[in-house]
Amino acid sequence: MSKYSLIIDDELCWGCRTCEVACKQEYEHKIKFIHVQEDGPRAVGNEFIYFHRPTVCRHCDEPPCEGACPESAISKRDDGIVVLDYDTCSGCRNCIDACPYDSVGFDEEKQIALKCNLCHHRVDRGLIPACADNVCLAHCIYFGDPASIHEQIERKRRKRQTK
Amino acid sequence: MSEFTYSNWAREMEVYGYDSMVKSHCRMCHGGCGVLVYVKDGKVKKIAGDPDCPINHGTLCTKGLASTELVYHPDRLTHPVRRIGPKGSGKWERITWDEALDTIAERMLRYRDLHGAESVVLGYGTGRENEAVIYRFANLFGSPNVLTAGHFCYGPRIATSIITCGSNPIVDYENHPKCIMVWGNNVVISNPDCYKGEPFSLALDEGAKLIVVDPRLTRAAARANVWLQLRPGTDAALALGMCNVIVNEELYDKDFVENFVHGWEPFVQRVNEYPLERVEEITWVPRDKIREAARLYATIKPAAIQWGVAIEQQINCADNDRVLMLLMGITGNIDRMGGQVLFRPPNIRNVGQFGAHGMLPREQRDKRLGGDMFRLASRFSIINPKCVWDAILEEKPYPVKMLFFISSNPVMTRDNAKEVYRALEKADFMAVADFFLTPTAELADIVLPAATWLEMDYIADFWKRHGYILPRRKVIQVGECRSDHEMLNDLAHRVGMGEHWWDDFEKALDWILEPAKLKWRDFKEMDFLRGEVAYEKYREEGFSTPTRKFELYSTVLEKMGYDPLPQYRETPESPYSAPEVYKEYPYILITGKRLPGFFHTENRQAPSLRELHRDPIVEIHPDTAGREGIKQGDWVVIESRRGRIRHRAMLFAGLDPRIVAAQHAWWFPEKKDPGHGWAESNVNILTDNSYETCDPAMGASSVRTLLCKIYPEKT
């Protein structure tokens, strides 16, 4: 069974936020599951720490949100994708509190939790998740097998001459 | 991952049941990116990048992806309207295209009879690929006055590069520069003119070193090997200081300097006037850093300068462009593979020919507003905006009676907005073509509904210098919207210029493409057409300048009565040039940081883009904020000698505490009164446009650097 991951190399992210709008377009401009957050700038000696960090569900190996859900609406599939079933969600918000990455949102209108399901409706039909489908101009959003992604990220990092 | 491929359009069609996919070419900014447009039931449902496009390789930006929110916006103007109340009353009635164009034509002819063709001014904003057709119309009508952003945006790069080396040197990202110096630009956010952030990112992935010149920290500056955090407006001094290092340490390209430049000795003399001690004092950049950057840039080959508009919106506009070009030249990076290339366009009729510049009678050309003052600009058919406002308000040197703005919102984007507003209020007749009733359009007599890029056929990137043209294909029709090209083609017939125009605009595209032996119907089946790629052409041909050399010393500027060598002038309103003002306005205000999602005044009504930036933001150093009693998120007043506006404060440590950074072009389409909050947060309420503060050659105003005070808004 293939394992699917969405992995983002923060070092390369420019903060252009295209992934946010790509996600939103996929969900008919109504909602988005990925948000780019600014980290810094903080002066450290003569240098600045300044990053843009896309925040999205990590599809954890042992998802705390899964255990926190009293309705068993959240489950990790064999391929690694953690899916929140909106039909089963009761809106108790336990998953929001449980997520260490602040990646679960809430739909006030429907009174249910919302999170990135890794576009499983696309993945199951052979399409790459919207944010990872070659939209990023820094090519920093990867989808696929986690081991090979980490290898690619490391290879690119070795080649780079910038900080 | 073999089962997954990027941009799998066939699978996309199948899964979502789209009816068709049309390849086209986005123009949510200046254009540039190839796109796949998915359509269902006659409506655009999804936009994605075209992986086969050589410009963007399938990637896109926020604006392109959110195009449908603009196109199908409920507030969009989809039929012509005529104002039925006083200016600014917001009272409009629907009229037909025939009524609208006949009225405009009748007015144009009447003013030409009574006051001369020069009393009719056509205008556009930033480049929206309608420049050539607008110039064609004005030139054939006989008006030398086309009001653009060209005095302080891109026009100066074209003018100065043509007089220095024959064309605009474009970074050859395809062949991966090994050192990139980003100067006054945030290419990954703005994706400007000939450039996209994607090839820049790839060059860094391939191991390029990075130098960033910017008063404000960007992510690129944080990643840079050297970040030169200069005092705003001192770019020319910094670049001359770098030239000084390169000359005196003999890091220049000796073969190029010996054989292909004009004016080496006077150039050396000039750069010797800028020793690093002096440059450090002017720029606030430590001399060691300047030296380090100069050495990096001069010794790594090939190297490139990714320049941006920030260097042009200053009193040193033309000299900033020139001195950066001289850096490219003396280091031997001009027309070198992986450096900056004078790309050849495909063999088609170019924008100059299509723009019919040769058909404007000489006596009309001599009447160009500001032609005696801003002589380099005038040579390139560019005028300074204040010249137009003065001609309306004071009728000097002659009256301007009619304005026709096409995709332009000068109330928001031109310096000294209050004067702009007064001039537009006074104009005898004004027509506007736009997507929405903007603060500028609200002052018009007639507003025409303009087509977006999804609603037109055109040769995309026609005006650019990267050597490609690409087909923009019409996908949909919205209401009665028409492209600027079709609209002007129609109007041209109504003012009696039909002999120089076409039955329909497709024939104009055929005429442009004719030298390539193509018709539009052939070209639209192609992905792109590229000019022949050749490097170091100067070895055979020389440069296209009067001396056939790369002109360090500009013989053209000399003839026009300007300093033939670049120099540094102090910004008109700075702590040093205006110490008395500085006492009352103790911060340097910089403006116009580019934001993902917005394109100048556009897109504030598109929900997915507006949610990225709810309010106008001024960035302020935490120490400064503390001193002024300002907290994160407070509404604050920014005040200059010319007025005051409100922004929300964001504490940002990536700025010198003496500098604050405001945003530009903010209006509020959600405010339904006809002003749409045009004066609330409009940074051009603060900027100056007096002639003496403008670049003497191009007429560029110093909108990027002025003095301000900042304090919390009283609640």
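The values are calculated or read from the model by the stated rules, or taken from the named source; none is laboratory data. No experiment lies behind these values; they were computed from the predicted model shown. All Cβ positions, glycine included, derive from the backbone under ideal geometry; neighbour counts span all protein chains shown.
Would you confirm, using the coordinates I've provided, whether B:Glu514 is within 27 Å of B:Leu238 (Cα to Cα), assigned to a helix (DSSP H, G or I) and out of contact with any Leu (no Cβ under 8 Å at 6 or more places or on another chain)?
no
If B:His613 passes every condition in (1) out of contact with any Ser or Thr (no Cβ under 6 Å at 6 or more places or on another chain); (2) part of a loop (DSSP other than H, G, I, E, B); (3) crowded, with 23+ Cβ neighbours inside 10 Å; (4) at negative phi but one, which one does it miss?
Result: B:His613 passes all but (3).
Let's see how each residue does on (1) more than 10 Å from every other protein chain (Cβ to nearest Cβ); (2) more than 12 Å from the chain's Cα centre (by Cα):
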residue: A:Cys119; (1), (2): yes, no
residue: A:Ile128; (1), (2): no, yes
residue: A:Cys131; (1), (2): yes, no
residue: A:Asn134; (1), (2): no, yes
residue: A:Ile141; (1), (2): yes, no
residue: A:Pro146; (1), (2): yes, yes
residue: A:His150; (1), (2): yes, yes
residue: A:Lys156; (1), (2): no, yes
residue: A:Arg160; (1), (2): no, yes
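Could you please find all residues in the range B:474-507 being farther than 19 Å from B:Ala105 by Cβ and buried (at least 19 other Cβ atoms within 10 Å of the Cβ)?
B:Val475, B:Cys481
List the residue pairs whose Cβ atoms are under 6 Å apart, where the first residue sits in the range B:1-22 and is closer than 21 Å to A:Cys136 by Cα and at the interface with another protein chain (Cβ under 10 Å from one of its Cβ atoms), the second is surrounded by fewer than 16 Cβ atoms within 10 Å (Cβ to Cβ) and at pLDDT 95 or above, and the two are 6 or more positions apart or on different chains.
Once the first residue is closer than 21 Å to A:Cys136 by Cα and at the interface with another protein chain (Cβ under 10 Å from one of its Cβ atoms) and sits in the range B:1-22, its partners that are surrounded by fewer than 16 Cβ atoms within 10 Å (Cβ to Cβ) and at pLDDT 95 or above give B:Glu3/A:Gly126; B:Arg11/A:Gly126.
Just to check your reading of the model, which residue among A:Thr18, A:Thr55 is more than 10 Å from every other protein chain (Cβ to nearest Cβ), under 18 Å from the mean Cα position of the chain (by Cα) and surrounded by 14 or more Cβ atoms within 10 Å (Cβ to Cβ)?
A:Thr55
Across the range B:31-58, which residue is nearest to the other protein chains (Cβ to nearest Cβ) among those that are surrounded by fewer than 21 Cβ atoms within 10 Å (Cβ to Cβ) and part of a loop (DSSP other than H, G, I, E, B)?
Going through the qualifying residues, I end up with B:Pro51.
Select from the range B:519-530 the residues that are touching a residue at least 60 places away in the same chain (Cβ under 8 Å) and not basic (Lys, Arg) and write down the one among them that is farthest from B:Gly34 (Cα to Cα).
Out of the qualifying residues, it is B:Trp520.
Within the range B:175-204, take every residue that is of a type in the set (D, E, K, R) and either touching a Phe, Trp or Tyr at 6+ places or on another chain (Cβ under 7 Å) or more than 26 Å from B:Gly155 (Cα to Cα) (or both) and give me the one that is farthest from the other protein chains (Cβ to nearest Cβ).
Applying the filter and picking the extreme gives B:Asp193.
Would you point out the residue of the range B:427-440, among those that are closer than 24 Å to B:Pro399 by Cβ and in contact (Cβ under 8 Å) with a residue 40 or more places away in the chain, that is surrounded by the fewest Cβ atoms within 10 Å (Cβ to Cβ)?
B:Asp428
Taking into account only those residues within the range B:202-250 that are of a type in the set (Lys, Arg) and part of a helix (DSSP H, G or I), which is farthest from B:Lys301 (Cα to Cα)?
B:Arg219
Taking the criterion of being more than 9 Å from chain A (Cβ to nearest Cβ) and under 21 Å from the mean Cα position of the chain (by Cα), would at least one residue in the range B:216-229 satisfy it?
Yes, that holds for at least one residue.
Is the range B:205-215 home to any residue that is free of Cβ contacts under 8 Å to residues at least 40 places away in the same chain, farther than 24 Å from B:Val279 by Cα, buried (at least 24 other Cβ atoms within 10 Å of the Cβ) and at the interface with chain A (Cβ under 10 Å from one of its Cβ atoms)?
Scanning the range B:205-215, I find at least one residue that is free of Cβ contacts under 8 Å to residues at least 40 places away in the same chain, farther than 24 Å from B:Val279 by Cα, buried (at least 24 other Cβ atoms within 10 Å of the Cβ) and at the interface with chain A (Cβ under 10 Å from one of its Cβ atoms), so the answer is yes.
Please state which of the following conditions B:Glu281 fails to meet, knowing it meets all the rest: (1) surrounded by 18 or more Cβ atoms within 10 Å (Cβ to Cβ); (2) not in a loop (DSSP other than H, G, I, E, B).
All conditions pass for B:Glu281, except number (1).
Among the candidates B:Ile162, B:Ile170, B:Ile189, single out the residue that is surrounded by fewer than 24 Cβ atoms within 10 Å (Cβ to Cβ) and within 22 Å of B:Ile315 (Cα to Cα).
Selected residue: B:Ile162, the only one of B:Ile162, B:Ile170, B:Ile189 that is surrounded by fewer than 24 Cβ atoms within 10 Å (Cβ to Cβ) and within 22 Å of B:Ile315 (Cα to Cα).
So which of B:Lys709, B:Lys714, B:Lys671 ends up being surrounded by fewer than 24 Cβ atoms within 10 Å (Cβ to Cβ) and either in a strand (DSSP E or B) or within 18 Å of the chain's Cα centre (by Cα) (or both)?
One residue alone meets the criteria, B:Lys709.
Quick check on the range B:654-710: of everything there that is small (Gly, Ala, Ser) and in contact with a Leu (Cβ under 8 Å, 6 or more places away or on another chain), which residue is farthest from A:Asn46 (Cα to Cα)?
Per the criteria, the residue is B:Ala697.
Name the residues in the range B:121-144 that are in a loop (DSSP other than H, G, I, E, B) and over 20 Å from the mean Cα position of the chain (by Cα), would you?
Of everything in the range B:121-144, those that are in a loop (DSSP other than H, G, I, E, B) and over 20 Å from the mean Cα position of the chain (by Cα) turn out to be B:Gly142, B:Ser143, B:Pro144.
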